[in-house]
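This report concerns only the one structure given below.
The values are calculated or read from the model by the stated rules, or taken from the named source; none is laboratory data. Remember, it's a predicted structure, so these values are computed and weren't measured experimentally. Cβ coordinates were reconstructed from backbone atoms using ideal geometry, including for glycine residues, and neighbour counts include every protein chain displayed. Note: accessible area is taken over every heavy atom of the protein model, side chains too, but ligands, DNA and RNA are not part of it. Shrake-Rupley method; radii C 1.70, N 1.55, O 1.52, S 1.80 Å.
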Amino acid sequence: MRQRDRSISGGMQVAVLGSMTSALHAREVLSAAAVRSEIVKSDSEKERGCGFGVLFAASQRANVKAILTAAHINVRRYADQATWDPI
């Protein structure tokens, strides 16, 4: 497994998405907007399905929300990394 990108520091948030495909698309869109992010996976029982998400700096939440909305990427919810249950 790839080590967590150490360049993302401070408080972290997760945009919870429905599939790996959505997470890949979200990461590409965010990268094009110069927002650092990485794909993370959650416990599928808690997320009702695949439970993939995109991890990003909490300070970027408003930007991420605007970028993903403009790209028509459906986000199930936004959560603090500490309250989200990754595998």
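Per-residue surface analysis assigns SER22 an accessible area of about 40 Å², computed on protein heavy atoms at 1.4 Å probe radius. Stretching ALA58 away from ASN74 to a fully extended chain increases their span by 3.9 nm, per 0.36 nm per residue minus the current alpha-carbon distance. Projecting label points 7 angstrom from Cα along Cα→Cβ for GLU28 and LYS41 puts them 2.1 nm apart.
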